[in-house]
Amino acid sequence: MFRAFGAADAEAQGRRLKAVARARGLKLLVGADAELARRIGADGLHLPERLAHQARRGRRPGWIVTCAAHSLGAARRARLAGADAVVVSAVFASDSPSAGAPIGPVRLARLVRQAGLPVYGLGGINDRTARRLKDAGLVGLAAIGGFRT
């Protein structure tokens, strides 16, 4: 996920990231900038929770569209707006400056079961905390924190 935040060299950075992603067999999503995503040939778009209602409108053929969700209600709104998945953060305590209060494995498990679309967890997920997520009943644990019941 590339969040350019209006950087003057965003397009050049994005093109370099796209090349790296392609070489490694990864998907590149651009945060909240559908035009930048289109120009660099990204695989999709990631929207902040406040823009989730634009999920269907921002979509291009073949794109993956994800939305940030900090609650079950936000995840359901993203699904209804046409998102392919939601990204929930922070699952555990994180050093990231943008990380909010962690929701923990029990609340995340409830959200995954009730959201109605794939959920990706961010924030403090490592080998130790991933085991806690499995213990909370989350299956299909991916290395980057993708969950599906």
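Assuming R0 = 25 Å, what is the FRET efficiency of ARG38 and MET1, from their Cβ-Cβ distance, to the nearest 0.05? The partial results should precede the final answer.
Values: r = 16 Å, r/R0 = 0.65.
Taking R0 as 25 Å, the efficiency between ARG38 and MET1 is 0.95.
When the helices in the chain are scored as -39500 (n - 2.57) per DSSP H run of 4 or longer and the sum is shared across all residues, what 222 nm value do you end up with, to the nearest 500 deg cm²/dmol?
Working: 5 runs with 51 residues, N = 149.
Calculated mean residue ellipticity at 222 nm is -10000 deg cm²/dmol.
Given 0.36 nm per residue, what is the gain on full extension from ARG107 to LYS134 after removing their alpha carbon distance, in nm? Could the numbers behind the result be given before it?
Working: separation 27, 0.36 × 27 = 9.72 nm, distance 1.32 nm.
Result for the pair: 8.4 nm of gain on full extension.
Note down the relative contact order for the chain as a percent, whole number, built from C-alpha pairs under 8 angstrom at least six residues apart. Walk me through the numbers on the way to the answer.
On the way: 274 pairs, mean separation 21.6, N = 149.
This gives 15 percent for the chain.
Have a look at VAL112, LEU47, LEU26 and report the one farthest towards the positive end of the charge dipole of region 1-119, computed about the Cα centre with Cβ charges (Lys/Arg +1, Asp/Glu -1).
Result: VAL112, furthest along the dipole toward the positive end.
Out of (i) 165; (ii) 101; (iii) 113, which label holds the value of volume of the Cα convex hull per residue in Å³ that was computed here?
(iii)
Hey, got the dipole for the chain? About the Cα centre, +1 on K and R Cβ, -1 on D and E Cβ, debye to the nearest 20? Walk me through the intermediate numbers first.
Numbers: 25 positive and 10 negative charges, 89 e Å.
My answer is approximately 420 debye.
Pull up all non-local amide H partners of PHE2: gap of 5 or more, or a different chain, and H-to-H distance under 5 Å with H placed in the peptide plane.
LEU29, VAL30, GLY31
Kindly state, to the nearest 0.05, the FRET efficiency for ALA21 paired with ARG60, given R0 = 25 Å and r defined as their beta-carbon distance.
Numbers: r = 17 Å, r/R0 = 0.68.
Approximately 0.90, to the nearest 0.05.
How do PHE5, PHE92 line up, fewest other C-beta atoms within 10 Å first? Could you put the intermediate results ahead of the total?
Values: PHE5 9, PHE92 22.
Sorted ascending by nearby Cβ count, the order is PHE5, PHE92.
Using a basic spin-label model with each label point 7 Å from the Cα along Cα→Cβ, how many nm lie between ASN126 and SER94?
Calculated label separation equals 1.5 nm.
Calculate how many DSSP beta bridges within region 33-149 are antiparallel, expressed in % of all such bridges and rounded to the nearest 5. Mind dumping the intermediate values first?
Values: 2 of 13 bridges.
Antiparallel: roughly 15 percent of the beta bridges in region 33-149.
Any read-out appearing in this document is the output of simple, stated calculations on the displayed coordinates, not a laboratory observation. All figures in this text were calculated on a predicted structure; none of them were measured in a lab. Note that we place each Cβ from the backbone using ideal geometry, even for glycine, and neighbour counts take in every protein chain shown.
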